[in-house]
Amino acid sequence: MKNNGCLAPGQAAKLVGSPLSTAVTIAALSALPASVSYLYPDTPDYYYRYGDGYLYQVDRTDNLIAALIPLIAGGYLPGQYLPAAYMDSYVPDYYGYDAFYPDYGDVCNRYYYGVIYQVDCVTGYVDNVIPAYAGGYGVGQILPSAYSYYNVPYQYRNYYYNTADYGYWYAPGVIYQYDPRSSIITSVAALLSPGFSIGQPLPVGYDVYNVPYAYRATYYDTPTAWYRYSNGYIYQVDPTTQLVTAIAASLLT
Amino acid sequence: MNSRALALGMAAAAMVAVSACNKDRNGNSGGPPNAQTPKAQKAAGTKTMAAALPVGGRFMTAARAAGLDQTLAGPGPYTVFVPDDAAFNAAPPGTFDTSPQNRTKLTGILTNLILDGTVMVADIDKSIDNAKGRAVLATV
């Protein structure tokens, strides 16, 4: 079956170990695009082929596909060094990324172009590359080994639990589904919003009533109380102060 | 959370506000597996976002390229502004390019069309009235 440009991540992973001659009958593979070829120069041991957004490392000795490499635009891979200029590119606070990826010990997290790089604070040696969904680099990427534990937020665990076939992993703003055998992120199972804290001002954009339909008969706006939905909860808001005053209902637990 | 002032020109988009589960994608060759567990599928029900949109339509094609088609097959709830074909055609060339190299841009565009929770037309009308002609909507 010749692929028509939509090779699923799981299928791409299955090509690892296959002869290149077999793989080209499944995926259209070609030389690397100029935009990334400088990152993956051919070596005496390996050369590279590209297709459908995936990068394959091919062993010269036997022409078997040795590895599937995450293709991150302008990116750096584990084993490379992050340029010094990027060491000042801190993880943004958007969606709580900075709290989710804090620096600790000799490990620093830095952010560039939608990707979080876990590096040695002193040398900039890249230990891990973590795609951030806001940058659109989640699906098709390999789940970072250091983050392959189950971390789905409590209120979503009843929906997104690991099985023999699929795993789920939380990152700010998203719950990914991944293949536990290949660790490749296969889908976005859910998009999440940050949710509110009691006492915080109602964020911009939430003056619009957005309570799920089934709950509207119970939680409707009045002159003394508004209700807004976010991240699995219905919150009560004081219309005068515009402060979040209570969690009115949890819809997931 | 992103906040975007959505212009009233969004009339070119059909607003779909249903919870979601897409059975059509199961087992399709070349497509991703269903990201929803049986419990999530049960919670989503049958009137899902993904099921409400044409599988081969331009929006779902773009959503699939960004990995969001399975999101729309889940419980949500989300509200989605779905551009019609005329809007797709009027967009600058490459805007909805589904190649992996465009995934960043495409993801940003699509998530700016998805709202948290269930937002009805009347809710937006009321917000516009309260804000004297302008509504700011929180997108995921």
Review point. Using the beta-carbon distance between A:Thr240 and A:Ala214 and R0 = 35 Å, what value does 1/(1 + (r/R0)^6) give for FRET efficiency, to the nearest 0.05?
Key: 0.80
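Can you tell me the FRET efficiency between A:Tyr150 and B:Lys132 if r is taken as the Cβ-Cβ distance and R0 is 41 Å, rounded to the nearest 0.05?
With a Förster radius of 41 Å, E is 0.30.
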Practice item. Within a 10 angstrom radius of each residue's Cβ in A:159-169, how many Cβ atoms of other chains show up on average? Whole number is fine. Key: 3
Check your understanding: Given the Cα-Cα distance of A:Thr123 and A:Asp221 and 0.36 nm per residue of separation, how much length would full extension add, in nm?
Key -> 29.8 nm
Point to revise | Least to most buried among A:Thr22, B:Thr111 (fewest other Cβ within 10 Å first) | key: A:Thr22, B:Thr111
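Peptide A:225-238: average number of partner chain Cβ atoms within 10 Å per residue? Don't skip to the answer; put the middle values down first.
Working: counts 0, 0, 0, 3, 5, 4, 4, 1, 0, 1, 0, 0, 0, 0.
Partner Cβ neighbours, averaged per residue: 1.
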Revision key, fill the gap. Neighbour-count ranking for A:Asp207, A:Asp62, A:Asp42 (other C-beta within 10 angstrom, fewest to most) reads A:Asp62, A:Asp42, A:Asp207
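If R₀ is 30 angstrom, what is the calculated FRET efficiency for the pair A:Asp103 and A:Ala67, using the beta carbon separation as r and rounding to 0.05?
In this case the efficiency is close to 0.55.
Laboratory data are not the source of any read-out in this text; all were calculated from the coordinates shown. Model, not experiment: these values are computed from the prediction. When we count neighbours, we look across all protein chains shown, and the Cβ atoms used for this are built from the backbone with ideal geometry, even at glycine.
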